[in-house]
1. Limited to the stretch 1-23, what total is found for residues that are surrounded by fewer than 22 Cβ atoms within 10 Å (Cβ to Cβ) and either hydrophobic (A, V, I, L, M, F, W, C) or part of a strand (DSSP E or B) (or both)?
2. Go through the stretch 160-217 and give me each residue that's within 19 Å of Leu85 (Cα to Cα), in a loop (DSSP other than H, G, I, E, B) and of a type in the set (Asp, Glu).
3. Could you check, for the stretch 102-121, whether at least one of its residues is surrounded by fewer than 15 Cβ atoms within 10 Å (Cβ to Cβ), under 22 Å from Arg181 (Cα atoms) and over 13 Å from the mean Cα position of the chain (by Cα)?
4. Tell me the residue from Val114, Val118, Val84 that is touching a residue at least 60 places away in the same chain (Cβ under 8 Å) and either out of contact with any Asp or Glu (no Cβ under 9 Å at 6 or more places or on another chain) or not hydroxyl-bearing (Ser, Thr, Tyr) (or both), please.
5. Got a number for residues in the stretch 95-117 being at pLDDT 95 or above and either assigned to a loop (DSSP other than H, G, I, E, B) or more than 18 Å from Cys82 (Cα to Cα) (or both)?
6. Out of curiosity, is Thr161 farther than 25 Å from Ala102 by Cα, buried (at least 21 other Cβ atoms within 10 Å of the Cβ) and among the hydroxyl-bearing types (Ser, Thr, Tyr)?
7. Residues in the stretch 80-97: is at least one surrounded by 21 or more Cβ atoms within 10 Å (Cβ to Cβ) and more than 15 Å from the chain's Cα centre (by Cα)?
8. Considering only the stretch 3-24, I want to know if a residue exists there that is within 16 Å of the chain's Cα centre (by Cα), at pLDDT below 95 and among the polar types (S, T, N, Q).
Amino acid sequence: MTTPVLRASALRRRFAHPSGDVEVLRGLELSVHGGELVTVSGRSGSGKSALLALLGGFDSPDSGRVLLAGQPIDGAPPWHTCAVLPQALGLAQELTVAENVALPLRLRPGKDVVEDRVAQLLADLGVGQLADRYPGEVSFGQQQRVALARAVSGRPKVLLTDEPTAHLDAGSTPAVLRLLRRCAGEGVAVIVATHDDALHAIADRRVRLADGVLSAA
């Protein structure tokens, strides 16, 4: 058995609340291998986004640890190692759509043909015609696809996505499904927090987050 690319062990996370601390994650365990697409379901407020923040190094657990390629995460890894599509998309408003997608490629070592990869990803997601526009000039659903293109452009080892189809219409969703499935086919460990049955249908494995722990769904 190969070593998981991403492994969470005994994760606990609590948050302060006026009526008392709320423990969102209670000794959670998760292992994901390269080439595997795993979806995480659970009701709103169950801790899916909190889990992704811990896996991506944007937050620290109260106890437990996250290993990325066998090494403990200490802060957010570089995007060519672990890329994230958050619900708050975080696109740079002063950059064009194409410039946003190109950022991870320009920051990572290597000799990627930046313009060609950016153009291909935008075309694959049906937003190629928006390359020269700014994020504020396109719809939120289009911004979401741009942010996904940015996340995958640097060919990360791990891709974390939080509700990647939440703001898409039925005609736009299939392109996102194809891209996520293709990333897994290229060896990326893909973790998707979602309520969307279309995403669960293409997953290699579906887990459910409830009462702070994960179980097979």
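1. Step one: of the stretch 1-23, the residues surrounded by fewer than 22 Cβ atoms within 10 Å (Cβ to Cβ) are 1-4, 7, 9-10, 12, 14-23.
Checking which are either hydrophobic (A, V, I, L, M, F, W, C) or part of a strand (DSSP E or B) (or both) leaves us with 1, 7, 9-10, 12, 14-16, 22-23.
Total satisfying the criteria: 10.
2. Correct list: Glu163, Asp169, Glu186, Asp196.
3. Narrowing the stretch 102-121 to residues surrounded by fewer than 15 Cβ atoms within 10 Å (Cβ to Cβ): 106-107, 109-111, 113, 115-116, 120.
Next, only the ones that are under 22 Å from Arg181 (Cα atoms) stay: 116, 120.
Checking the rest, the ones that are also over 13 Å from the mean Cα position of the chain (by Cα) come to 116, 120.
For the stretch 102-121, residues surrounded by fewer than 15 Cβ atoms within 10 Å (Cβ to Cβ), under 22 Å from Arg181 (Cα atoms) and over 13 Å from the mean Cα position of the chain (by Cα): present.
4. Working: Val114 fails: touching a residue at least 60 places away in the same chain (Cβ under 8 Å); Val118 fails: touching a residue at least 60 places away in the same chain (Cβ under 8 Å).
Only one candidate passes the filter, namely Val84.
5. 5
6. On the way: farther than 25 Å from Ala102 by Cα: no; buried (at least 21 other Cβ atoms within 10 Å of the Cβ): yes; among the hydroxyl-bearing types (Ser, Thr, Tyr): yes.
Judged against the criteria, Thr161 is not a match.
7. Yes, some residue in the stretch 80-97 is surrounded by 21 or more Cβ atoms within 10 Å (Cβ to Cβ) and more than 15 Å from the chain's Cα centre (by Cα).
8. Looking only at the stretch 3-24, we keep the residues that are within 16 Å of the chain's Cα centre (by Cα), and these are 5-8.
Retained after the next criterion (residues that are at pLDDT below 95): none.
No, every residue in the stretch 3-24 fails to be within 16 Å of the chain's Cα centre (by Cα), at pLDDT below 95 and among the polar types (S, T, N, Q).
The values are calculated or read from the model by the stated rules, or taken from the named source; none is laboratory data. Keep in mind the model is a prediction, meaning the values are calculated, not measured. Heads up, the Cβs are rebuilt from the backbone with ideal geometry, glycines too, and the neighbour counts pull from every protein chain shown.
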